[in-house]
Amino acid sequence: MLLLGDILRKHAHPRLFGRKTALIWGDETWTYAALNSEVNRLANGLLALGVAKGDRVAVLGRNCVEYVVCYFALAKLGAIMVPVNFWYRAGEVRYTLDQSGSTWLLVDAQFGAVAAEAADMLAATTLRAVVRWGQADEPAEWIGSTETRQASYHDLLAGVAESEPDVQLSPDDPHIILYTSGTTGFPKGALFSHRAHYLHAMAWVIRTRTVEEDIGQLVYPLFHTGGPDCVLLPHFLVGATVLLLDGADPAEMLDTAARWRATSLFCVPTVWRRVLGQMRRRSYDVRSVRRCLGSSDTFTPDLLDEILGRFPADVYVTYGLTEAGCILTFSRLTRDDRARIGTVGKPHPLVEVRLVDSAGQDVPPGEVGEVVARGPTLMDGYWQLPEKTAEAMRGGWLHSGDSARADDDGFLYIAGRLKDLIISGGENIYPIEIERLLRQHPGVREVAIVGVPDAEWSETVLAAVVPTAEWLPHCSGEPAGAAAELKAFVRRQVAGFKTPRYVEFVEALPVTTATNKVQKAVLRERYGERCLAISRQRAGQQ
């Protein structure tokens, strides 16, 4: 049936995987049968509360068992899950709730304050109910209007039947809205069906050779496509075990991998660098690890070579984007064959990938073109944004905005990004969002945001600022204080990873003569090497 909830339902049978460990969380272990029962209880509790098929239900929380239960409970109800980035500030949370039309909120109590602030800012959307789990250091905030029902996650489960919820679903029913930053600076919600993510999990299993004996470590945030789509669903699909962590502390990753005999580790290059650094300081038993996987930004050859040298495992480098659901290509490197270091591999069996020029024509091997793709694992479109959907899916192909070349054997090599997207530690940052914020500061006349290389994060944010005449003395006399003020101004309004690490005050931005467009390449060239040197020095001191 290609329904995500059916994965747990079928595996919970005692003659299949019912007694097998599905999930490890701290010292807790959950069998497939126990996890499915918990999921059914929450689903039936939400049904009783009034959640219906097609309702948008926002989920805000860190990695934990409750989050996994919410994921599958909403899938069984046919409700559309709206994961919320837990690094978001209130304004960003409000936008996500409002744009998706979410009328229900499931939230970890530790995010109660930001959720309450976001709810106070809502104009068009009224929350019908808020369900909380976890403990907060302070008394619970009231979230939403006085008509919004407040409920406890565990109270909702009490006395509720463990039977499968009675909801008729189709594989083409919408399953989830994943928000990804857009070039306009406003996040766009990519809508996916059950079928799309079920088939993506199948493609992942095929390409990475995942089997039921595997124990996959999950450190990606569950609001991120890399968590559910690249670890949780593929492992559950084959009856394997997921080792869930909240965060990517390298010592904890290696300790738990050794304790539970993890067979696969999946994280972004920034985290891999930290893991390798930890392994240089202390010895860990990683003999069980058979797969080291990564995505989100480019692996350097020396990083890949060290992973291959320190782990008795194959290394998989992947490429994709949220709208693709998430991975398009896979490259497998072995300890004995490093010839393909630098490639992101070939497309998985369920997608077609082409490289095209500005006219939409295929480019020959060796030449750079835009990556476009089509297939059943891609998004259905952007939620409530038909014009943006039409633009992204021109001619029936998803246009990634990324450029790449292919060799004669069809292996892809990412050349860069056609847009100004910055990827810092695996998180996407679009400059225009930060530029819009900084232009609201009274001391900023003009600003350009660019990505500069960073030894730890691959890229980080630099702001080139032309100050106003009134603010110029402050910038000239106390440049460090002026830079700190601008960083704090941004940090108060958006997630921390979007805050500029560097602020440079300039008399004028470099622009083209004909169009007066800012030449961001000039800024990257001007400051890139110096910023990289600073980051290397900083990394060496840690």
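The values are calculated or read from the model by the stated rules, or taken from the named source; none is laboratory data. All values derive from a computational prediction rather than experimental measurement. Here the Cβ is made from the backbone with ideal geometry for all residues, glycine too, and neighbour counts use every protein chain on show.
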Identity of the residue in the range 449-472, polar (S, T, N, Q) and within 21 Å of the chain's Cα centre (by Cα), that ends up modelled with the highest pLDDT: Thr460
Options Cys70, Cys64; residue that is surrounded by fewer than 21 Cβ atoms within 10 Å (Cβ to Cβ), assigned by TED's automatic domain parsing to the domain that holds His154 and either closer than 19 Å to Asp108 by Cα or of a type in the set (Phe, Trp, Tyr) (or both): Cys64
Residue pairs meeting the criteria (Cβ under 6 Å; at least 6 apart or on separate chains; first not assigned by TED's automatic domain parsing to the domain that holds Phe111, in the range 142-159; second assigned to a helix (DSSP H, G or I)): none
Test: residue in the range 298-314 that is surrounded by fewer than 16 Cβ atoms within 10 Å (Cβ to Cβ), touching a Leu at 6+ places or on another chain (Cβ under 9 Å), polar (S, T, N, Q) and over 30 Å from Phe192 (Cβ atoms): no
Criterion (surrounded by fewer than 17 Cβ atoms within 10 Å (Cβ to Cβ), in contact (Cβ under 8 Å) with a residue 12 or more places away in the chain and basic (Lys, Arg)) met by exactly one of Arg394, Arg439, Arg405: Arg394
Check on Asp285, crowded, with 17+ Cβ neighbours inside 10 Å and either at pLDDT 95 or above or out of contact with any Gly (no Cβ under 6 Å at 6 or more places or on another chain) (or both): no
Residues that are assigned to a loop (DSSP other than H, G, I, E, B) and closer than 30 Å to Leu276 by Cα, drawn from the range 437-463: Ala455, Glu456, Trp457
Residues located in the range 485-541, provided they are at pLDDT 90 or above, over 26 Å from the mean Cα position of the chain (by Cα), aliphatic (A, V, I, L, M) and crowded, with 18+ Cβ neighbours inside 10 Å: Leu486, Val503, Leu509, Leu523
The range 234-272: number of residues that are in a helix (DSSP H, G or I), touching a residue at least 24 places away in the same chain (Cβ under 8 Å) and either crowded, with 22+ Cβ neighbours inside 10 Å or among the acidic types (Asp, Glu) (or both): 11
Residue among Thr300, Thr329, Thr322 that is touching a Gly at 6+ places or on another chain (Cβ under 7 Å) and not aliphatic (A, V, I, L, M): Thr329
Criterion violated by Ile434 - all others in (1) in a strand (DSSP E or B); (2) at pLDDT 90 or above; (3) within 23 Å of His224 (Cβ to Cβ) satisfied: (1)
Positions within the range 197-233 being under 19 Å from Val57 (Cβ atoms) and either in a loop (DSSP other than H, G, I, E, B) or more than 17 Å from the chain's Cα centre (by Cα) (or both), in sequence order: Pro221, Leu222, Phe223, His224, Thr225, Gly227
Those residues of the range 74-101 which are hydrophobic (A, V, I, L, M, F, W, C), closer than 19 Å to Leu4 by Cβ and in contact (Cβ under 8 Å) with a residue 40 or more places away in the chain, in sequence order: Ala75, Leu77, Ile80, Met81, Val82
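Conditions (1) at pLDDT below 95; (2) surrounded by fewer than 22 Cβ atoms within 10 Å (Cβ to Cβ); (3) closer than 30 Å to Leu350 by Cβ, marked per residue:
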| site | (1), (2), (3) |
| --- | --- |
| Thr148 | yes, yes, no |
| Ala158 | yes, yes, no |
| Pro171 | no, yes, yes |
| His200 | no, no, yes |
| Val205 | no, yes, yes |
